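Engineer: What follows is a single structure, and I will ask about it in a moment.
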Amino acid sequence: MSENLNPFSIAQAQLDEAAAVLQLDPQMHAFLREPMREFHFTIPIKMDDGQTKTFRGYRVQYNDARGPAKGGIRFHPDETIDTVRALAAWMTWKTAVADIPLGGGKGGVICNPRELSQGELERLSRGYMRNITRYVGLTQDVPAPDVNTNPQVMAWMLDEYESIMGHREPGVITGKPLALGGSAGRTPATALGGLFAIREAAKNLNLSLENATCAIQGYGNVGSFAHKLGSNQFGLKVVAVSDEFGAIYNENGLDPKAVSQHLRRNGKLKDCPNTENLTNAELLELEVDILIPAAIENQLTSQNADRIKTKIVAELANGPTTPEADNILNDKGTYIIPDFLCNAGGVIVSYFEMVQNSYQFYWDESMVHERLDKKITTAFNAVHRMSQKQSVDTRVAAYLVAVDRVAEAVRLRGWV
Ligand code: GLU
């Protein structure tokens, strides 16, 4: 039988495994398996050539028992409602494991932003927000950036929301530019949080990070910052990085400055001077201490998991490992830092951004990152301890911590 790659069935299967260990009440389990609310809509956009093109958009509020729904918006040609549902479920577990007072949500638009002009992208961003304006807000649901969306997209969405509502409410969306109430240190936060988690995992494995070899798949916001900060602040030797067109490799390490300069000039990583071209599949199978999938879901599967030769898989992407690959890697003794723990740095600093917006009082970057370190380290230790106490792998352990917290809030509210 071929492997199930539907992200939402994977997310439900992961929950089912944790529910069995937790002996979760079946009625609670049934409630937590489904999103609480979904919005499906069309976004007609006037394209530059005068034609109207209709895009499909989604926003899923998976669970808001612990606080307003929270999660990013992706612009992706392969987006599906099931991907958005899975990502919204993972946001629910992410905010819970990080212990911030928020629920989980996610949004998506089926589109290829590479094919859109700046004007079309702006109209699409505003059109998306117009559709969800009445369902989002500081106390309801707070979107943020994700794959192919960025601070400029957040700025357009904020402006659309505030223009319709007739008041300023910067906390309605996070990952904003600094000039519109963004938080210092938000852009590198996901990568930095992951590196703090890697530091903690390495301590447990007695692995020194100085010159530890590392391969990173994906060179968007998260992958590129993981390269830069991993090399400059944590002493990692990043030997391979990739984008959607392929990977580059140098056994002596890749200089982040030279790589980003090459990328700026050429639009892709391939053919970077002093490096060897590899495929994305080859990057994943390199013999390195730390492998960081930082792209999209379903990258480590039953097809390649037995050839993965790394001590730590740090999942900066959402959903990069399928359940079958999980079993293979766990059997081999690979230490997996599961996605909704490893990449929680982004939403943690988004939460700090909301707090700063509410108080209209802003912190400097060192304060933001110090608080991020504390939150991620606490979450990491809770998961690590749970995995030892219950003799379960780290992903199940992360679910045990998170599901227990969400279930408690649901119970206290009297919903189940
Ligand atoms: N999109 C990021 C994530 O998947 C950040 C979400 C947020 O800041 O709300 O965690």
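Engineer: What's the exposure ranking of Glu285, Glu3, Glu353, going from fewest to most Cβ atoms within 10 Å?
Structural biologist: Ascending Cβ contact count within 10 Å gives the list Glu3, Glu285, Glu353.
Engineer: While we're looking at this one, here's another question. Over the stretch 203-278, what is the relative contact order in percent, taking alpha-carbon pairs closer than 8 angstrom and at least six residues apart?
Structural biologist: Computed over the stretch 203-278, the figure is 26 percent.
Engineer: Which one, Gln14, His262, Val222, is farthest towards the positive end of the dipole of the chain when Lys and Arg carry +1 and Asp and Glu -1 on their Cβ?
Structural biologist: Val222
Engineer: Order of 401-411, 213-223 by packing, highest average Cβ count within 10 Å first?
Structural biologist: 213-223, 401-411
Engineer: Tell me, how many Å apart are the Cα centres for the stretch 80-100 and for the stretch 218-233?
Structural biologist: 23
Engineer: Give the Debye-formula value of log10 I(q)/I(0) at each listed q (0.08 Å⁻¹), with one equal scatterer per alpha carbon of the chain, two decimals each.
Structural biologist: Here log10 of I(q) over I(0) equals -0.40.
Engineer: Turning to a different aspect of this structure: Taking the Cα centre of the chain as origin and charging only Cβ (+1 Lys, Arg; -1 Asp, Glu), how large is the dipole, in debye to the nearest 20?
Structural biologist: With Lys and Arg at +1 and Asp and Glu at -1, about 900 debye.
Engineer: Treating only the Cβ of Lys, Arg, Asp and Glu as charged (+1, +1, -1, -1), what charge dipole size does the stretch 1-118 show about its Cα centre? Round to the nearest 20 debye.
Structural biologist: Computed about the Cα centre, the dipole is about 400 debye.
Engineer: Rounded to the nearest 500, what is the 222 nm mean residue ellipticity of the chain from helices alone, with -39500 (n - 2.57) per DSSP H run of 4+ residues and division by all residues?
Structural biologist: After summing the helix terms and dividing by the residues of the chain, the value is -14500 deg cm²/dmol.
Engineer: At a 10 Å Cβ-Cβ cut-off, how would you order Arg123, Arg85, Arg265, fewest neighbours first?
Structural biologist: Working: Arg123 19, Arg85 24, Arg265 8.
Placing the least packed residue first, the sequence is Arg265, Arg123, Arg85.
Engineer: Which one of His369, Asn327, Leu341 has its Cα pushed farthest toward the positive end of the charge dipole of the stretch 309-393, where Lys and Arg give +1 and Asp and Glu give -1 at the Cβ?
Structural biologist: Highest projection toward the positive end goes to Asn327.
Engineer: OK, next. How big is the stretch 112-178 along each principal axis, measuring the range of its Cα positions in Å and listing the largest first?
Structural biologist: So the extents along the principal axes, rounded to whole Å, are 34, 20, 19.
Engineer: Build a GNM of the chain with springs between Cα atoms under 10 Å: which of Leu284, Leu207, Leu192 gets the top mean-square fluctuation?
Structural biologist: The residue with the greatest mean-square fluctuation here is Leu207.
Engineer: Considering every Cα-Cα pair within the stretch 274-413, what fraction, in whole percent, is farther apart than 21 Å?
Structural biologist: Value for the stretch 274-413: 52 percent of Cα pairs lie more than 21 Å apart.
Engineer: Now for a different question. Please report Leu178, Leu329 as a ranked list, fewest other C-beta atoms within 10 angstrom at the top and most at the bottom.
Structural biologist: Starting with the residue having the fewest Cβ neighbours, the order is Leu178, Leu329.
Engineer: Which entries of Lys270/Lys375; Lys176/Lys203; Lys237/Lys268 show an alpha-carbon separation above 31 angstrom in the structure shown? Display every interim value, and only then the final one.
Structural biologist: Numbers: Lys270/Lys375 37 Å; Lys176/Lys203 34 Å; Lys237/Lys268 21 Å.
Check vs 31 Å cut-off fails for Lys270/Lys375; Lys176/Lys203.
Engineer: Find how much the distance from Gln118 to Asp82 grows on full extension, using 0.36 nm per residue of separation minus their present alpha carbon separation; answer in nm with one decimal.
Structural biologist: Taking 0.36 nm per residue and subtracting the Cα distance, the gain is 10.1 nm.
Engineer: Just how far, in whole angstrom, is the stretch 42-79 from the stretch 392-416 if you go by their alpha carbon centroids?
Structural biologist: Measuring centre to centre over Cα atoms gives 28 Å.
Engineer: Continuing with this model, one more query. Out of all DSSP beta bridges with both ends in the stretch 93-252, state the antiparallel percent to the nearest 5.
Structural biologist: Approximately 50 percent, going by the DSSP bridge assignments.
Engineer: To continue, here is another question. Can you give the % of DSSP beta bridges in the stretch 239-381 that are antiparallel, to the nearest 5?
Structural biologist: Among the beta bridges of the stretch 239-381, antiparallel pairing accounts for roughly 45 percent.
Engineer: Roughly how compact is the stretch 1-98, stated as its Cα Rg over 2.2 N^0.38 Å to two decimals?
Structural biologist: The reported ratio for this selection is 1.31.
Engineer: Using only the Cα atoms of the stretch 45-201, what do you get for the radius of gyration and for Dmax, in Å?
Structural biologist: 15.6, 54
Engineer: Now for a different question. Taking every DSSP beta bridge that has both residues in the chain, what percent is antiparallel when rounded to the nearest 5?
Structural biologist: Within the chain, antiparallel bridges account for around 50 percent of the total.
Engineer: Please list the helices of the chain that count as membrane-span-like by this rule: a mean Kyte-Doolittle hydropathy of at least -1.0 together with Cα atoms stretching 27 Å or more along the helix axis, each helix being a complete DSSP H run.
Structural biologist: 365-390, 394-413
No value in this document is a laboratory result; all are computed from the given coordinates. Since we're looking at a predicted model, the values are computed, not measured. Note that we place each Cβ from the backbone using ideal geometry, even for glycine, and neighbour counts take in every protein chain shown.
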